[in-house]
Structures are given as structure tokens and as C-alpha cells.
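To keep things clear, I will list the structure first and then write my remarks on it.
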Amino acid sequence: MVATSRSVYDWAGAAAARLGLNRDSYLVAPGLYAIGAPDRAAPVLVTANYKLSFDTLRFALPGLNVWLLVLDTCGINVWCAAGKGTFGTEELVHRVKASGLEKLVDHRRLVVPQLGATGVSAHQVKKQSGFSVQYGPIRASDISTWLDNGAREFEGMRDVTFTLKERSELIPVEFHLVLKSMWWLFPLLFLLSGIGPDLAFTSRLMSRGVWMVSALLIGIGSGLILVPLLLPWLPGRSFALKGAIAGLLSGLLLLFWAETGLNLLESGALLALVVVMSSYLGMNFTGSTPYTSPSGVEWEMRRAIPVQFCLSIGALLIWVGAPLVLS
Amino acid sequence: MKEFRYIHGVSSLCLDQSLCIGCKMCSRVCPQAVFSHQGGKAAIQDHDGCMECGACGVNCPVGAVSVNPGVG
């Protein structure tokens, strides 16, 4: 028996998972669960053992009597696990047999979330387990209506969305992951900014160093916040371009609003770094959207990465060289 | 997806209409409404909408649909 209302622990756990704190170990035990008091005719809903997926589903089912068959996806959500094959035909067939489902229900039907179809082959499951697969709505919140209406398809239940709310929910975890892998840039570029022809190292740190760190933060913020939020309005289809445009705007704002005291060469280098950072992180965001094709990602990476690489090397050389040349 | 469009002309989605038995499984699993059906056969109506998730290929019982996105 599983509860269908949220406890304080579920809220706290979900918040932590969104921040990326317990994300890799937020799982439930795979197997068969009962929601309400399911009988031998009750539907069997299949889901992943990521606790956010499991919770979203069970909290969408108050008052219903259904079986929940939880597959072992190593704590990964349905769609991502289906892409990697852990939410797949083999695991589904194995879990049906291991749970003794055929002794508990008289029918031979499984309701698999539509996004699980990337890993599950309906005709193979039928052949290997005797159970037929019916693809249910994408969103757990639609399941109740869907079941009440005899499991018929409805307009809007089959298409993925990427709303402002859905995009903004991704920001905290992106921040966590990016800062974890890129934190070293801050001390490195801060200290590099102090290099100059004389001993005024500290004073350069307080001016150039501080502006460099600000530029890094603005570049990261632009790529991780502006790109997801402004996604439909940023021009172009390529995420590298969207990121570069967001970076150009926020970099120019920094240079015009702040009294940086930097010369033209230094300002240009700083602007280029903001653009590159935002462009790179924008491109990185293709991994989190529900509409970017791997072939498209490869297409833009082949074109954007050489440009981003050359621009960042050039900008860094100018930034470090400026005090030496202009002194 | 209608409100979001990605790079055009790159998806590896292929449909062999001569094999299609018109079971509509491809439309049922597609999250981007890429397929339509005419005269008892599937047709690709929005090739550039394809995100190469591969669900159609995996669930086509006669192997009429294929998606091979390379490295991914």
C-alpha cells in the first residue's frame, strides 16, 4: 500500500533533487506496489524507480485502485532511462515475471507511459511475457482522466511541452552541475588578471580580477538562466547562437552600466568571454530539452566548438597581454 | 514541437511505406506528432520536428521505420 498524498519528507526530498543534492540516489525499490485496493481487474501502471517519477505518479492517483509496477532504472526518470534502455523491454519482461503479476490480475495489459516507448518494444513485450502494452499519457496528471474515459486518446496527452515553468525547474540543477565542473575557472582567471609589468598585482586583482569574475558570473548566468527562460524569443535554431546572443546582450549591459575603468582591448576580451561562456552553456542546454535531436546537436557542435575555442583563447591572450602591451 | 523548432534537415528518421501495415503505432508513441496517416499507411508529415528519440522504430512491428542518430 502506497500513500497518494505528499508528506513533508516528499517535499524536502523533491526540493533537494531539483537542486542536485541527492539527485543520484533518490530512488525507490523496484517491484509491484498497490495504490488503494486494486483487484484482479485493476490496471497495471508501469513507472521508473526515480523517486520524483514515482511520487509524481502516485500523487496523481488519489481515489484510484491500481497496481504500480516499478522498474529498476537506477533512479533515472522514464524518458532518460528509456533512451538508455534501462527502462526497456528486457527489464519490463523481467519485472513482470519476478513480481508474479500474472497470478494477481486476470487481464494481460500493462499501461506504459508514452515516453517509455523509446526503450520498450510493445510487440516484443507481448511475445516475451504475454502482456500487451498500452501507451498511456505523457503526464501523470492526465492518467486519472484517461482511465476514467476508458483509456482512449485525447488531444494534448501525446505531445511533450516545454513551458516556462518546465524550463525554469531545470535551472537549479544545471547551476549545480556547471559550478561543480567549472569552479576552478574562477580562481584561475582571477589570479591571471593580476599579472602585469610591475608589482601592482593586488591592485590589478581588485580591478581587473573583480571584473573578470563578474564577467564569468554573467556569462554563466546568461547561459544557464537567460537561455532557458528566453528560449522561444532568442533568435536562431541553434542553441550556440541563442546563447551567444544572450551573452552579447548581457555582456554589453555589464560594460555599459558598470564603471569598469577598463580600456577598449580589455573590454572587448571580457565581452568575448561572456559570449563564449553563454554560447557554450546554451549549447549544453540541448541535453535538457525535449525537442533537440542528437543529429542536430552534432551538427551545431561541429560548427560552434571551433569558433568558441578560438574566441576564448584569443580573448584570454588579449586579456592577459593588455597590461603588458599598454604599459 | 510546434512552438520550438530545432536544426532542420538533419534527422535520420526514415519510413519505408511499402512495409507499413497502417497500425498507427508510430503516431501513438511519437512525442512530436511527426507522423500522419493517409490511405491506410503512415506518412512523415513533419520530418524536421523529429528529435530522434527512436520510439517509432522500436515499436514498429514490421520494421518500416528507422532512426539512427549516430553517436547521440
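The values are calculated or read from the model by the stated rules, or taken from the named source; none is laboratory data. Worth saying up front: this structure is predicted, and the values here are computed from it rather than measured. Every residue, glycine as well, gets a Cβ built from its backbone with ideal geometry; the counts of neighbours run over all protein chains shown. To get the accessible areas, we keep the full protein, side chains included, count just its heavy atoms, and leave off ligands, DNA and RNA. Shrake-Rupley method; radii C 1.70, N 1.55, O 1.52, S 1.80 Å.
With Cα atoms defining each centre, region A:120-174 and region A:298-327 are spaced 44 Å apart in the structure. Taking every DSSP bridge with both residues inside region A:8-148, close to 35 percent are antiparallel.
In this structure, the amide hydrogen of A:Ser132, modeled 1.01 Å from its nitrogen in the peptide plane, lies closer than 5 angstrom to those of A:Arg109, A:Leu110, counting only residues at least 5 positions away or on a different chain. In order along region B:29-41, the Karplus-derived 3J(HN,Hα) couplings, from 6.51 cos²θ - 1.76 cosθ + 1.60 at θ = phi - 60°, round to 9, 6, x, 10, 6, 7, 9, 10, 10, 9, x, x, 10 Hz, and Gly and Pro are given as x.
Taking the Cβ of A:Met283 as the center, what net charge do the other residues with Cβ under 13 Å away carry, scoring Lys and Arg +1 and Asp and Glu -1?
On the way: positive: A:Arg237, A:Lys242, A:Arg302, A:Arg303; negative: A:Glu174, A:Glu298, A:Glu300.
Around A:Met283, the surrounding residues sum to +1.
For the chain pair B and A, the buried solvent-accessible surface (1.4 Å probe, both sides summed) amounts to about 2800 Å². What helices does chain A have that are whole DSSP H segments, at least 20 Å long along their own axis by Cα, and with mean Kyte-Doolittle hydropathy of -1.0 or more? Helices meeting the criterion: A:239-257, A:264-284, A:294-325. Of the residues A:Leu231, B:Val62, A:Ser214, the one whose Cα sits farthest toward the positive end of the charge dipole of the protein assembly as shown, with +1 on the Cβ of Lys and Arg and -1 on the Cβ of Asp and Glu, is B:Val62.
Among residues other than B:Lys24 with Cβ under 15 Å from its Cβ, the summed charge is +3 (Lys and Arg +1, Asp and Glu -1).
About its Cα centre, how strong a charge dipole does region A:60-136 have in debye, to the nearest 20, once Lys and Arg get +1 and Asp and Glu get -1 at the Cβ?
Using only the charged Cβ atoms, the result is roughly 160 debye.
Solvent-accessible surface of region A:96-228, averaged per residue with a 1.4 angstrom probe and all protein chains in place: 48 square angstrom.
For region A:218-327, rounded, prolate or oblate, judged on the Cα gyration tensor with a ≥ b ≥ c (square roots of eigenvalues), a/c < 1.5 rounded, else prolate if a/b > b/c? Intermediate values should be presented prior to the final figure.
Values: a/c = 3.43, a/b = 1.75, b/c = 1.96.
It comes out oblate by the Cα gyration axes.
A dipole drawn for region A:1-156 from +1 and -1 charges on Cβ atoms has a positive end, and of A:Gly156, A:Trp146, A:Asn77 the residue lying farthest that way is A:Asn77. For chain B, taking a cut-off of 4.7 Å between Cβ atoms, the unpaired cysteines are B:Cys14, B:Cys20, B:Cys23, B:Cys30, B:Cys50, B:Cys53, B:Cys60.
Counting only protein heavy atoms and using a 1.4 Å probe, what share of the accessible area of the protein assembly as shown belongs to carbon plus sulfur, as a whole percent? Percent of accessible area from carbon and sulfur atoms in the protein assembly as shown: 64. When only Cα pairs under 8 Å and 6 or more residues apart are kept, what is the percent relative contact order across chain A? Contact order relative to length: 12 percent.
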